[in-house]
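Q: Here you go, one structure.
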Amino acid sequence: MGATILVIGIIADEIHSRFGIPDILMMIFLGSLFGPILKVIPRDPLMAIAPYLAAVTLAIVLFEGGINFPAQKGLTDAFRALLYAFIGVSFSMIIAIPLSFAIYSWSPLIGALLGAIVGGTSSAVVLSLMPRMNISQEAKNVLSLESIFTDAIVIVIAMLIMRLVILPSQTITVETVSREIVGCIMISLLLGFLLAVALSKIVATVQTKIYGDIFLLAIVILVYGITEEVGGSGALTVFVFALTIANIRHL
C-alpha cells in the first residue's frame, strides 16, 4: 500500500513537470480513482493512520518552508498576512452561515463552525506550491505566512464554537476569541524560538551524520507534538523553529 502511494506521488510529480498540471489535483484524482472507484487501495486501513500521516506531512512541509523562507524581507509582510488570515476566515464564516441555513437548515453556530473549518488555506498545499508559482517574492511571502496563520486561527475559532455548541449557556465574547487566538500564536512563536535556540547545536551536529535526516525528522515531529499538547499551533511552531534554525547565526 505504501509503495502504491509513493508511485502515485511520483506519477503526479512527473505529470506536473511535463504538463504543468498541479500535482495536488493529480493526487486527489488518482487517489479517488484507485480508492473509491477502482478499489485498488482499501480505504479503512488508510483512514486509521490518516491523521498521523497528515501531521507528519504538514510538519515536514512547514519545516522545509521555514528553512527556505527569506526572513530578512519576508517577516515585514507578517502583519499583512495576519490581517488577510483574519479577513479570509471571517468571510468564510459569514458566507457559510446563510448558505448552511438555506441548504441544510443548520443553526448559525453550526454554519459558523463549518465556515471556520473550511476557511483556512492549507499551509501544506500553499507552501509546496509557492516555489513553482510565477509570482513576485512578496506575494509568495504573504501567501505562505497567511496560510500558516490560518492554521492557528481556524483551530482556535472552531474549538470556541464547539464549546458554545456543547455548552450553550456559556458566553464567549470577541475579547475571549481575540485572547485565545493571540495566546495560541504567542505560545507557538515562543516555543518555536526557544526550542530552536536550545536545539540548534544538536541540529548542526547531527546534520553531518549518516542518520542526520532521520534524527531531524524526529525532532520536527517532537516539536510539533509538544506544541499541540500545550495548546499552541504545531504548524506555526515548526515554521518558526525552522526559520530560527536557518537564521540563528544572524541573531
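Q: Once the range 82-214 is represented by equal point scatterers at the alpha-carbon sites, with solvent omitted, what log10 I(q)/I(0) does the Debye formula produce at q = 0.12, 0.14, 0.15, 0.18 Å⁻¹?
A: -0.63, -0.79, -0.86, -1.06
Q: Quick one: what does P(r) look like for the range 3-110 with 5 Å bins over all Cα pairs, in whole %?
A: Taking every Cα pair in the range 3-110, the percentages come to 2, 9, 10, 12, 13, 16, 18, 13, 6, 1.
Q: If you take every residue apart from I87 with its C-beta less than 14 Å away from the C-beta of I87, what net charge results, scoring Lys and Arg +1 and Asp and Glu -1?
A: Every neighbour counted, the sum reads 0.
Q: Say each of F86 and F215 gets a label point 7 Å from the Cα, pointing the same way as Cα to Cβ; how far apart are those two points in nm?
A: A separation of 4.3 nm, rounded to one decimal place.
Q: I would also like to ask the following. Binning at 5 angstrom from zero up to the longest distance, how are the C-alpha pair distances of the range 85-148 distributed in percent?
A: Pairs per bin, as whole percents: 4, 19, 21, 16, 13, 11, 9, 6, 1.
Q: How much net charge surrounds P131 when only other residues with a Cβ under 11 Å from its Cβ are counted (Lys, Arg +1; Asp, Glu -1)? Walk me through the numbers before you get to the answer.
A: Values: positive: R132, K140; negative: E64.
Taking every other residue near P131 into account, the sum is +1.
Q: Where the Cα atoms of the chain are projected onto their three principal axes, how long is each span, largest first, in whole Å?
A: Principal-axis extents of the Cα atoms in the chain, largest first: 57, 51, 36 Å.
Q: Rule-of-thumb check for the range 153-251: C-alpha Rg over 2.2 N^0.38 Å?
A: 1.34
Q: Taking the square root of 5 times each eigenvalue of the Cα gyration tensor, what semi-axes in Å does the equivalent ellipsoid of the range 211-251 have, largest first? Please list the in-between numbers first.
A: Values: eigenvalues 67, 48, 7 Å².
The answer is 18, 15, 6 Å, longest axis first.
Q: Could you sort the peptides 187-196, 111-120, 128-137 by per-residue average Cβ neighbour count (10 Å cutoff), highest mean leading?
A: Descending mean neighbour count gives 111-120, 187-196, 128-137.
Q: Give the long-range amide H neighbours of I41: residues separated by 5 or more places, or on another chain, with amide H under 5 Å away, using H modelled in the peptide plane at 1.01 Å from N.
A: Distant-sequence amide H within range of I41: G35.
Q: Could you sort the peptides 209-219, 92-102, 54-64 by per-residue average Cβ neighbour count (10 Å cutoff), highest mean leading?
A: 54-64, 92-102, 209-219
Readers should treat all values here as calculations from the given coordinates under stated rules, not as data from a laboratory. The model shown is predicted, which means the values in this text are computed figures rather than measured ones. So basically every Cβ, Gly included, is an ideal-geometry build from the backbone, and we count neighbours across all protein chains shown.
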